[in-house]
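Here the structure comes first, spelled out in structure tokens, and everything after it is commentary.
The values are calculated or read from the model by the stated rules, or taken from the named source; none is laboratory data. Bear in mind the structure is a predicted one, so any value in this text is a computation, not a measurement. Every residue, glycine among them, receives a Cβ derived from its backbone with ideal geometry; neighbour counts consider all protein chains shown.
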Amino acid sequence: MSARTEAHPPAAARFLDDGAHAAWHDAALWNVRDRRDKAAASVPDWERLREQATRIKQHTLAHLPDYLEQFERAARAAGATVHWAKDPEEFRVLVHGLLKQHGVTSVAKSKSMLTEECALNPYLEAQGIEVVDTDLGERVVQLNQEHPSHIVLPAIHLNKQQIGRIFEKNLGTAPGNDSAEELTEAARQDLRARYLHAQAGITGVNFAVAETGTLVVCTNEANADLGMTVPKLHIACMGLEKLVPRFEDLAVFTRLLARSGTGQAITAYTSHVTGPAPGSELHIVLLDNGRSALLARDRFRNALKCIRCGACMNTCPVFRRSGGHSYNHVIPGPIGSVLAPNVAFEQTETLPFASSLCGSCTEVCPVKIDLHKQLLYWREELAKEGRVPLSKQLGAHVFTFVATRPWLFKLGGRMMRLSLRITPRALVYGPWNAWGKRRELPVPPKRSYLDGGRP
Amino acid sequence: MRAMTSAAPTTQSLRAALMVPCYVDQFYPAVADAARRVLERHGCEVVVPKQQTCCGQPMLNSGFAKETLPVAKHCCKVFADFEYVVCPSGSCTAMVREHYRDLWLDDAKIPRVFEFCEFLHDVVGVREMDVSFPHRVGIHQGCHGLRELRLAQPSESFGCATDKTRALLSLVRDIELVNLDRPDECCGFGGLFAVSEEAVSVGMGRDRVACHERAHAEIIASGDMSCLMHLEGIIRREHRAVRVAHVAQILAGDRV
Amino acid sequence: MSSRDTILKALREAAPGGVEAPAMYTPDAPAADLLESFEFRLKACGGELAVLRSVEELAPLLSARWPDLAERSVYSTNPAAVPTSLPEAAFTDTAALQHLDLAIVDGCECVAENAAVWVPAGAVPHRSLLYLAEHLVLIVRRDALLPTMHEAYARLAQRGDTSGYFIAGPSKTSDIAQCLVIGAQGPRSCLVCMVGDA
């Protein structure tokens, strides 16, 4: 395991330090949530559609090994080669092997959270292979040498001016040019030349169909399409959970995905790949990396239904105000906080607590993952393993003792109120009082209600 | 069990136990009292069991399920004999109704708790209200009441749940209910979240206050005093003009 | 044991089994007129619609739109209406296709709820030309207009057409500070020509 990553609260506080930028980030994502609401409202049977999606996924997960074997057979029959990787290391070696075997020195890679999960880019670069991220947002963060802060909007943490400076440095755009049109055009010219230069395209997979061996890749920019049609080698990387049983099931998911994610009725390009194009090769790499372990966990299995739309991030009041990087996990936000402890329990212990449990994530989730409940369940797992601060553990025991003894509870309340009244303000509002840093405590009445207190 | 009881003023009286959230008991006795007076005015016989302590939510939300169980059992015992239990908090109500089951408590032993507005709207069937409240009021929906109890239709979901808080407040004379541009965003209280994620919590709270201010609300009203405790803490520290009130206080016709 | 077998073994132990597959979904009937809805959605995603009585109207339409059409590099699946200007060899050479100005391609199913048009992978000599072309014209039949994705996928499944692309409008991005820019990396415009009767 790598070094411990920073906890969520201090990282979030740092993000909020730049108030104006944090407010912009919040407003931009709220706007996406708002567009999602309108797009969902345009489908009269929206809630029924979500129910169908969750049931298809429930069924698929219940029979996942069978469907994977069916998928493998169908994909092979269509001419694809299917590979399996247990963990990121095996995945990286496998992909590198394929590239090496084909003499590839340059790769055009479209958005794939799975390759982020496996840290594929740095590995390939260390082996002397150039990797160009082709999704515009991912290209921006790649040029800025950082990670995506959102799974659908990778550069949402950067404003136009910042992106202008990144392009000035890397693509030679004019100093001070922060026009979205002109910056996009500069990226277009640069990237289109790179597809021709690349000998392989690596893509993620949005959905895979067991009965036909079909892969579905969704983008708005056509970058994945260029990456998988211009070079003669296409490597598609997918988590085991991407399957749906039948080709027709795709209707349910393509209706939900873009509406939930960006508020579009559908992505501009929804591409179906069944076997390689004539004269080309298609390799499909299936990755486990903790997914089979998650499938075994009753209370958390549902997280495998995720279709990576990002809706839970856009609606999450904590995500909007703390930014994706504050989660220090490849997938941030509510879904990231329930996926993270499954693979990195020791490093992600503040994530299940990075939520007010408002439950909006659960409501927007197109596949009805009980996200806010899972966050709560992970808190239980962490507490069970003693991975919450000692003060909290001690506090819980004391509270249980007191709250099961009404007389003691009443006495404790009296003492607490009395001490708040008589202690000098400077002592009450010392640095130990996180509540009181930027908030007043309530004014304690002399008597509690049960103790006869009245207005 | 010793209890404070009051005679109901009408004949068709419903007997209800008042479940007083622990922080309301300690810091906002006026809210519990207002809830009791409103229930009585609408024909209920109100009992306030004195052995009640806490529903256990702060502990469960911190992950201490095992430690929560004895507290939950105590709560079940205190309210076992009542056909109706009424609680002026959506959050505590949701804890008992939605989360006690996760603690493997027997369904039959879980008290039948109603949120205050829900009880008045659905069980008592209040459709008239003889009080006046000549103020511009913004409604703050507590998240657990909203999404776990469906006290209103969450803005991101589709259905036709009646906004019970709004329905009751609309009955009040001279009140003006304002519309918020973000109708039901979380205020950022979240129990211990308010402390463990202080920066985000305060950021959310400030935004929530600002949202009500943009709608020119004089009063932020909610069925959850915990949200209001947090918002009031920000309002007082920043010397803002907007005030907070529990829905029960408005329905009781109290000055706030 | 191979990774494949290790993974499958772990999954067999973990998968709970049992849950039945839900029945095929029947969507609610759409409220709006299909053509109206298709046009509205197409405009919303940056595309344009032309309704033509016959394919003969295509050439004048395109000439009016691109007065220098004759000098441009054009690929057309409908040579009767507009001829292809590229040499045959260009279709296997992506470097040549990179300078393709206009691709005119026959589409199949059109979906009213989202303005998506199905283009089978086999409709073009090289798949990349759909994305390398600066502008895309899709020719579809009016009677191929369907209400939702469910009807479209049902038809595709029925005829086993599982390689192809749903294209809804031109290439676009909002990745720079959420500003919508049309013409991200693929076609800068997408004109759907709907021909014939319903």
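For first residues located in region B:34-54 and at the interface with chain A (Cβ under 8 Å from one of its Cβ atoms), partners that are in a strand (DSSP E or B) and of a type in the set (S, T, N, Q) and lie 6+ apart or on another chain with Cβ distances below 9 Å form the pairs B:VAL48/B:THR5.
When B:VAL86, B:VAL78 are checked against the criterion of being more than 8 Å from chain A (Cβ to nearest Cβ), in contact (Cβ under 8 Å) with a residue 24 or more places away in the chain, among the β-branched types (Val, Ile, Thr) and in contact with a Pro (Cβ under 8 Å, 6 or more places away or on another chain), a single residue qualifies: B:VAL78. Given the criteria within 12 Å of another protein chain (Cβ to nearest Cβ), touching a residue at least 60 places away in the same chain (Cβ under 8 Å) and under 22 Å from B:SER89 (Cα atoms), does B:GLY138 qualify? Considered against the rule, which asks whether it is within 12 Å of another protein chain (Cβ to nearest Cβ), touching a residue at least 60 places away in the same chain (Cβ under 8 Å) and under 22 Å from B:SER89 (Cα atoms), B:GLY138 comes out as no.
Scanning region A:219-235 for residues that are buried (at least 23 other Cβ atoms within 10 Å of the Cβ) and in contact with a helix residue (DSSP H, G or I) (Cβ under 8 Å, 6 or more places away or on another chain) returns A:THR219, A:GLU221, A:ALA222, A:ASN223, A:ASP225, A:LEU226, A:GLY227, A:THR229, A:VAL230, A:PRO231, A:HIS234, A:ILE235.
If you go through region A:250-275 and keep only what is at the interface with chain C (Cβ under 8 Å from one of its Cβ atoms) and part of a loop (DSSP other than H, G, I, E, B), you end up with A:THR262, A:GLN264, A:ALA265, A:ILE266, A:THR267, A:ALA268, A:THR274, A:GLY275.
Entry remark, region A:225-249: residues being at the interface with chain C (Cβ under 10 Å from one of its Cβ atoms) and touching an Asp or Glu at 6+ places or on another chain (Cβ under 8 Å) number 5 in total. The residue list B:HIS216, B:HIS230 contains one member that is in contact (Cβ under 8 Å) with a residue 24 or more places away in the chain and under 22 Å from A:LEU16 (Cα atoms), which is B:HIS230.
Can B:CYS92 be described as in a loop (DSSP other than H, G, I, E, B), within 27 Å of B:CYS187 (Cβ to Cβ), in contact with a strand residue (DSSP E or B) (Cβ under 9 Å, 6 or more places away or on another chain) and of a type in the set (A, V, I, L, M, F, W, C)? Answer is no for this residue. Does A:TYR269 satisfy the condition of being of a type outside the set (Asp, Glu), surrounded by 22 or more Cβ atoms within 10 Å (Cβ to Cβ), without any contact (Cβ under 8 Å) to a residue 60 or more places away in the chain and closer than 30 Å to A:ILE166 by Cβ? Yes; evaluated as a whole, the condition is true for this residue.
Cβ separations smaller than 8 Å between residues 6+ apart or across chains give the following pairs from region A:439-452 residues that are among the β-branched types (Val, Ile, Thr) to residues that are not in a loop (DSSP other than H, G, I, E, B): A:VAL443/B:PHE27. In summary, A:ARG50 fulfils each of the numbered conditions (1) farther than 30 Å from C:ALA10 by Cβ; (2) in contact (Cβ under 8 Å) with a residue 24 or more places away in the chain; (3) facing chain B (nearest Cβ under 10 Å) with the single exception of condition (1). State whether the residues of region A:63-79 include one that is under 27 Å from C:ILE176 (Cα atoms), assigned to a helix (DSSP H, G or I) and of a type in the set (Asp, Glu). No, there is no match, as no residue in region A:63-79 is under 27 Å from C:ILE176 (Cα atoms), assigned to a helix (DSSP H, G or I) and of a type in the set (Asp, Glu).
Restricted to region A:276-322, and to residues there that are in a loop (DSSP other than H, G, I, E, B) and of a type in the set (Gly, Ala, Ser), the residue that is farthest from A:LEU61 (Cα to Cα) is A:GLY279. In the set (1) more than 42 Å from the chain's Cα centre (by Cα); (2) surrounded by 15 or more Cβ atoms within 10 Å (Cβ to Cβ); (3) more than 9 Å from chain B (Cβ to nearest Cβ), the condition left unmet by A:ARG417 is number (3). Restricting attention to region A:30-47, the residues that are at the interface with chain C (Cβ under 9 Å from one of its Cβ atoms), part of a helix (DSSP H, G or I) and in contact with a helix residue (DSSP H, G or I) (Cβ under 7 Å, 6 or more places away or on another chain) total 1. State whether the residues of region A:236-249 include one that is at pLDDT below 95 and either surrounded by 24 or more Cβ atoms within 10 Å (Cβ to Cβ) or not in a helix (DSSP H, G or I) (or both). Taking every residue of region A:236-249 in turn, none turns out to be at pLDDT below 95 and either surrounded by 24 or more Cβ atoms within 10 Å (Cβ to Cβ) or not in a helix (DSSP H, G or I) (or both). If the condition is being assigned to a helix (DSSP H, G or I) and either within 24 Å of A:ASP249 (Cα to Cα) or in contact with a helix residue (DSSP H, G or I) (Cβ under 6 Å, 6 or more places away or on another chain) (or both), then region C:20-41 contributes C:LEU34, C:SER37, C:PHE38, C:ARG41. The number of residues in region A:423-444 that are more than 7 Å from chain B (Cβ to nearest Cβ) and part of a helix (DSSP H, G or I) comes to 5.
Within region A:429-451, restricting attention to residues that are among the aliphatic types (A, V, I, L, M) and surrounded by 15 or more Cβ atoms within 10 Å (Cβ to Cβ), the residue that is farthest from B:CYS87 (Cα to Cα) is A:ALA434. You will find that of A:ALA22, A:ALA62, the residue that is in the same structural domain as A:ASP370 (by TED's automatic domain parsing) and small (Gly, Ala, Ser) is A:ALA22 and no other.
The criterion of being more than 25 Å from the chain's Cα centre (by Cα) and surrounded by 21 or more Cβ atoms within 10 Å (Cβ to Cβ) does not hold for A:ALA85.
Of the strands (runs of 3 or more DSSP E) contained entirely in region C:86-196, those carrying at least 2 residues that are modelled with pLDDT of 95 or more, at the interface with chain A (Cβ under 8 Å from one of its Cβ atoms) and farther than 30 Å from A:LEU143 by Cβ fall at C:164-167.
Is there a residue in region A:370-386 that is part of a loop (DSSP other than H, G, I, E, B) and either facing chain B (nearest Cβ under 10 Å) or over 25 Å from B:ALA152 (Cα atoms) (or both)? Yes; the residues of region A:370-386 include at least one that is part of a loop (DSSP other than H, G, I, E, B) and either facing chain B (nearest Cβ under 10 Å) or over 25 Å from B:ALA152 (Cα atoms) (or both).
Residue by residue through region B:190-218, note down the ones that are in a loop (DSSP other than H, G, I, E, B), more than 7 Å from chain A (Cβ to nearest Cβ) and not small (Gly, Ala, Ser). Within region B:190-218, B:LEU192, B:HIS216, B:GLU218 qualify. Look at (1) within 20 Å of C:ARG188 (Cβ to Cβ); (2) surrounded by 13 or more Cβ atoms within 10 Å (Cβ to Cβ); (3) free of Cβ contacts under 8 Å to residues at least 24 places away in the same chain and you find that C:GLU71 fails only one, number (2). Within region B:221-233, the set of residues being over 13 Å from the mean Cα position of the chain (by Cα) and buried (at least 23 other Cβ atoms within 10 Å of the Cβ) comprises B:HIS230, B:LEU231, B:GLU232.
Mind checking whether some residue in region B:147-170 is assigned to a helix (DSSP H, G or I), within 14 Å of chain A (Cβ to nearest Cβ) and free of Cβ contacts under 8 Å to residues at least 60 places away in the same chain? Checked region B:147-170: at least one residue is assigned to a helix (DSSP H, G or I), within 14 Å of chain A (Cβ to nearest Cβ) and free of Cβ contacts under 8 Å to residues at least 60 places away in the same chain.
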